[in-house]
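Let me begin by presenting the structure, written as structure tokens, before commenting on it.
The values are calculated or read from the model by the stated rules, or taken from the named source; none is laboratory data. Just so you know, these numbers come straight off a predicted model, no measurement behind them. Here Cβ is always computed from backbone atoms with ideal geometry, including for glycine, and neighbour counts include all displayed protein chains.
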Amino acid sequence: MFQVVKTEGRARRGVFTCPHGTVQTPVFMNVGTQGAIKGAVSALDLKEIGCQVELSNTYHLHLRPGDGVVKEMGGLHKFMGWDGPMLTDSGGFQVFSLSGLRKITEEGVTFASHIDGRRIFMGPEESMRIQSNLGSDIAMAFDECIENPAPREYVQQSVERTYRWLERCVAEHQRLNRQPDCVNPGQMLFGINQGGTYPDIRQWHMDQIAQLPCDGFAIGGLAVGESTQTMYDIIDAVEPRMPGDKPRYLMGVGTPSNIIEAVARGVDFFDCVMPARNARHGKLYTWRGTINIKNEKYKLDPLPIDPECRCPACRSFSRAYLRHLVTAGEMLAMRLAVLHNLHFYNELMVRIRRALDEGTFEEFRKKYSGMLDRKIEDNQ
């Protein structure tokens, strides 16, 4: 399922195999929350921009069109036309992001739908059943993503409950995979480490969940209010406790520099809405830093967004044209910008893997970590 083929320091070069294909790691998963990338990007586009793994949201697809509908349509792969590896999150992040609309008990979480206010209950068993209906290759365990900072006593109680929830997830996941009508009997389950910004709680929780039969482990609850250095410190505290023969996933992170630094700390899987979200607001990534395509100086600029890039936008269009589309409010602006940023992130991972293959990752890290997140004007 997962093999580490090379290391450089703590950084790992690996190969992950699942029912819908083989993934070269480290890898960035492209976020298609509701079965599509925001910005009018389809599954066909993902192939062209080098996506290896698509990620969708359990909570949102449960609300609409309904996971039962997706199962009737043959699972999410067939429904959205994506035949590659896929991960679904568990709904646990919505325990954090919809904090004003939910109530947590030992059994699970009661939500008020953000769409129409109707009450929805989701616990470990419900999350596993929804993800089984979706038929993803990797299902994430149901957990509570804790706000940072949070009182120590609450964090301790929360991670103890999240551990009990993981035990229930494992049992239900195994049961569902044995059912004759299971969409994807080879679906895997990743457990999630929580613990806020308390290194000792994080380590205790990782020690506990590592004993359970999960196919991989994630570090959750970061990039939700803490400083970047605190995030790195938590990874440093948790990573040595994570099984070395299983994938490690840093959830919801982050900037290009965050990814480079986390790879250096032993992380294999990443996802983040940032590249697509920033693209929709005109912030674009290049190999010299970021640009704001809305800037007046690009009005007559004939160059592509990044002369080093071979994405669909850079192959065919100028900065001047893209700026015109943005200022005119054309939907094509958003689509081209999102395609570019996602291509950049996928290419970032290609270059990280190449550096690891060649034993030059530390040189790559010194050159690009920090620079890629800064505005081009700041790098000059």
For the stretch 186-214, enumerate the residues that are in a loop (DSSP other than H, G, I, E, B) and without any contact (Cβ under 8 Å) to a residue 40 or more places away in the chain.
-> A210, Q211
Inspect the stretch 7-15 for any residue being surrounded by fewer than 16 Cβ atoms within 10 Å (Cβ to Cβ), in contact with a Ser or Thr (Cβ under 8 Å, 6 or more places away or on another chain) and outside any loop (DSSP other than H, G, I, E, B) and give the result as yes or no.
-> yes
What are the residues in the stretch 40-52 that are under 15 Å from H77 (Cβ atoms) and either surrounded by 18 or more Cβ atoms within 10 Å (Cβ to Cβ) or touching a residue at least 60 places away in the same chain (Cβ under 8 Å) (or both), if any?
-> A43, L46, C51, Q52
Which members of the stretch 353-379 meet the condition of being at pLDDT below 95 and either part of a helix (DSSP H, G or I) or touching an Asp or Glu at 6+ places or on another chain (Cβ under 7 Å) (or both)?
-> I376, E377, D378, N379
Scanning the stretch 318-352 for residues that are in a helix (DSSP H, G or I) and hydroxyl-bearing (S, T, Y), the one surrounded by the fewest Cβ atoms within 10 Å (Cβ to Cβ) turns out to be T327
Restricting attention to the stretch 89-117, and to residues there that are under 19 Å from the mean Cα position of the chain (by Cα) and assigned to a loop (DSSP other than H, G, I, E, B), which single residue is modelled with the lowest pLDDT?
-> L98
Among the residues of the stretch 34-63, write down those that are acidic (D, E) and closer than 18 Å to L336 by Cβ.
-> D45, E48
Given the conditions (1) surrounded by 23 or more Cβ atoms within 10 Å (Cβ to Cβ); (2) more than 22 Å from R310 (Cβ to Cβ); (3) among the hydrophobic types (A, V, I, L, M, F, W, C), report the number of the one that I37 does not fulfil.
-> (2)
Just a yes or no: is a residue in the stretch 64-79 outside any helix (DSSP H, G or I), charged (D, E, K, R) and crowded, with 18+ Cβ neighbours inside 10 Å?
-> no
Does A262 meet the test of being hydrophobic (A, V, I, L, M, F, W, C) and either surrounded by fewer than 20 Cβ atoms within 10 Å (Cβ to Cβ) or within 30 Å of H324 (Cβ to Cβ) (or both)?
-> no
Among the residues of the stretch 215-250, the number that are within 16 Å of F16 (Cβ to Cβ), of a type outside the set (D, E, K, R) and in a loop (DSSP other than H, G, I, E, B) is 4
